[in-house]
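Everything below concerns the one structure shown next.
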Amino acid sequence: MTNPNHQLADVLREVTAGMQNAIADGFRSRMIDADDLVEVLLAIADRLDPPVRNEVDAAFACPECGERDSDRLVHEADDLVRCSSCGITFDPAAR
Ligand SMILES: [Zn+2]
């Protein structure tokens, strides 16, 4: 028998694991603010109901979580990119 909450539980575990990894690696603070909450809720919604995605090439995906949605890979100063899914900042040219 299929548990209808199974997919939701998996998505919550997946997003939580991404947050825990980002905290453990020092890429995300333990202090949560409204922006963090919005990101987490959107990450859950996106995994449950993926929007039409504008994906970057696999070579430019987030090295932490594999995110390829260009809307979730935010360009910052010094040519760095911040992944809105797991919170890390990385240099896409460094690989
Ligand atoms: Zn990521």
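The set of residues in the range 3-18 that are within 15 Å of G66 (Cα to Cα) and open to solvent by 70 Å² or more (accessible area, probe 1.4 Å) contains only E14. Pairs are defined by a Cβ separation below 8 Å, a sequence spacing of at least 6 or placement on different chains, a first member in the range 19-31 that is within 18 Å of L42 (Cα to Cα), and a second member that is assigned to a helix (DSSP H, G or I); the pairs so defined are M19/V40; R28/M19; R28/A22; R28/D36. Can you tell me how many residues in the range 20-53 are within 16 Å of the ligand (Cβ to nearest atom), over 14 Å from G87 (Cβ atoms), not in a helix (DSSP H, G or I) and not charged (D, E, K, R)? Number satisfying all stated conditions: 1.
Among the residues of the range 51-95, what is the count of those that are touching a residue at least 60 places away in the same chain (Cβ under 8 Å) and touching a Lys or Arg at 6+ places or on another chain (Cβ under 6 Å)? Total satisfying the criteria: 3. Filtered by the rule that a residue be acidic (D, E), open to solvent by 70 Å² or more (accessible area, probe 1.4 Å) and either part of a loop (DSSP other than H, G, I, E, B) or more than 14 Å from the ligand (Cβ to nearest atom) (or both), the range 65-95 gives E76, D78, D79.
Of the residues making up the range 1-51, just one is at pLDDT below 85, hydrophobic (A, V, I, L, M, F, W, C) and more than 24 Å from F90 (Cα to Cα), namely M1.
The values are calculated or read from the model by the stated rules, or taken from the named source; none is laboratory data. On a predicted model such as this, the values are computed, not experimentally measured, just so you know. Cβ: placed from backbone, ideal geometry, glycine included. Neighbour counts: every protein chain shown. Keep in mind that these areas ignore ligands, DNA and RNA; they rest on the heavy atoms of the full protein, side chains included. Shrake-Rupley method; radii C 1.70, N 1.55, O 1.52, S 1.80 Å.
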